[in-house]
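Chemist: Questions regarding the structure given below will be posed in turn.
What follows draws every value from the coordinates through simple rules; no lab data is involved. Keep in mind that what you see is a predicted model, and the values were worked out from it rather than measured. Backbone-built Cβ (ideal geometry, glycine too); neighbour counts: all protein chains shown.
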Amino acid sequence: QRAPQCIGNSKMAQHKAAMERMSMTDVEANSSNKDVVASDTTKEDEERGLIANQDDHTLCHETNITKTQDGPPPIVLSWLRKYSAFLMMPVLPVLWCILLLTTMDREMISSSYAMPLLGICSASLANAVPVGGGIVFVPVLALFGVQLHLGTAFAVATMTFGNGVFGFLSWLRKDPASIAWWVVPYAVFPAWIGAALGTLRPFLSTGQCRHLFGVFCVTVATVVLRGIYQNQGINDPKGRPFSIVENVGSGAGLEQTARQKVLASSFSFLAGLILVPHIGIGNAMTTFLVCTFNWQLPAKSSVVTGILVGGWTSLVPFLIHLFVIGDVPIALWVMGLPGVYLGARIAPLVHESLGITNVLIAFVVFLFGTAALMLFRPA
């Protein structure tokens, strides 16, 4: 009797041990499943966070407004980029129509009918390379017998809107990442001070202005041509960006030294004092060179920033010529604005389709041609 009872107890113990092992296996399996689920959930959360960060970075890149610890992106720039298309069409054309009806008569319109074509040519160049519309306006108007100081007044009047308004809205919509916003205070404010002084108290004769203009164009053209030769025409978007200097920085402006700020402000002031009041251009070229050599930005960012700074710098001398001196040729200016408007709209397309190398080659050609006109053609 004891033997069967022992056997039965042994079977019961084995069965109980087997059940306990099965329970432990189930617990381990459930724990493993929970770990897997938790791991998957963590990975999904990380992926969602990465996607969100990428989307946020893309949004900031599209608006060229980097979020910082100080707060959200500037509201004004976000608003301008959002409504830039609406401002370009129909708001600005409607405002021009009002200006036309209130300032022009039939005789004035008939005497300046060719100005839209000149405006298209000048703005297409001025918003694709950092030369300023004056590099077209001043020589062409001089060929037709317009005095240099009137050509200068006309140039700053059109550049204020061509580069500073039309060009700015076009580039803000097309490629806002090309604008080096942190350069603007050092390029615009000192130039305004110099331009105000030089416009109210010009100190160069007409011949001196022509020679200064020609020498400056030759100098800039030589520097840019050397950069094009060094780069061998390479403009690989996946590799090192095209620039006319070596060891180009990131362009983020994170290491701005006091020396860089002083140099940038000094050159802008001198350009505003000497070049802008006397020949109608200068700070766009100066900003391009300062961005390239002083801030060491890539060529495209230097070009676009120079374009916009040239227009914004023209605001102060334009207001002085319009309200203080009173020598702005109103008929030529009003009729030239439609061409400037169209030229500013197509300039980013020209810039993108030709590429930065070809754009700078066009820049060099125009600089040498204008220099020859100013240096060798009798006044």
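Chemist: Test of understanding: what is the full-extension gain from Leu204 to Val223, defined as 0.36 nm times their sequence separation minus their Cα-Cα distance? Walk me through the intermediate numbers first.
Modeler: Values: separation 19, 0.36 × 19 = 6.84 nm, distance 2.57 nm.
Value of the extension gain: 4.3 nm.
Chemist: Please check which bits of the stretch 109-138 a label hung off Phe144 would reach, taking the label as a point 7 Å along Cα-to-C-beta and the cut-off as backbone N under 13 Å.
Modeler: 109-122, 137-138
Chemist: If packing is taken as the average count of other Cβ atoms within 10 Å, what order do 175-184, 296-305 fall into, highest mean first?
Modeler: Final packing ranking: 296-305, 175-184.
Chemist: Now a separate question. Take Ile330 and Val184, extend 7 Å from each Cα along the Cα→Cβ direction, and tell me the distance between the two endpoints in nm.
Modeler: Placing both labels 7 Å along Cα→Cβ, they lie 3.1 nm apart.
Chemist: Another question, then. Modelling each spin label as a point 7 Å along the Cα-to-Cβ direction, I'd like the Leu95/Arg377 distance in nm, to one decimal.
Modeler: 3.3 nm
Chemist: Quick one: what are the phi-derived ³J(HN,Hα) couplings along the stretch 338-343, Karplus 6.51/-1.76/1.60 with θ = phi - 60°, whole Hz, x for glycine and proline?
Modeler: Once rounded to whole Hz, the list reads x, x, 4, 4, 5, x.
Chemist: Going highest first, how would you order 74-81, 215-222 by mean Cβ packing within 10 Å?
Modeler: On the way: 74-81: 12.9, 215-222: 18.2.
My ranking of the peptides, most packed first, is 215-222, 74-81.
Chemist: Decide, for the stretch 81-376, between rounded, prolate and oblate: order the square roots of the alpha carbon gyration tensor eigenvalues as a ≥ b ≥ c, take rounded if a/c falls under 1.5, and otherwise choose prolate if a/b is larger than b/c, else oblate.
Modeler: prolate
Chemist: Residue by residue through the stretch 82-99, which ³J(HN,Hα) values in whole Hz follow from phi under the Karplus form 6.51 cos²θ - 1.76 cosθ + 1.60 (θ = phi - 60°), with glycine and proline marked x?
Modeler: Per residue, the Karplus-derived 3J(HN,Hα) values read 5, 10, 4, 5, 5, 5, 5, 8, x, 4, 5, x, 5, 5, 5, 4, 5, 4 Hz.
Chemist: Apply the Karplus parameterisation 6.51 cos²θ - 1.76 cosθ + 1.60, with θ equal to phi minus 60°, to every residue of the stretch 347-362 and state each ³J(HN,Hα) to the nearest whole Hz, in sequence, with x for glycine and proline.
Modeler: Each residue's phi maps through the Karplus curve to give 4, x, 5, 4, 4, 6, 6, 7, x, 5, 5, 5, 5, 5, 5, 4 Hz.
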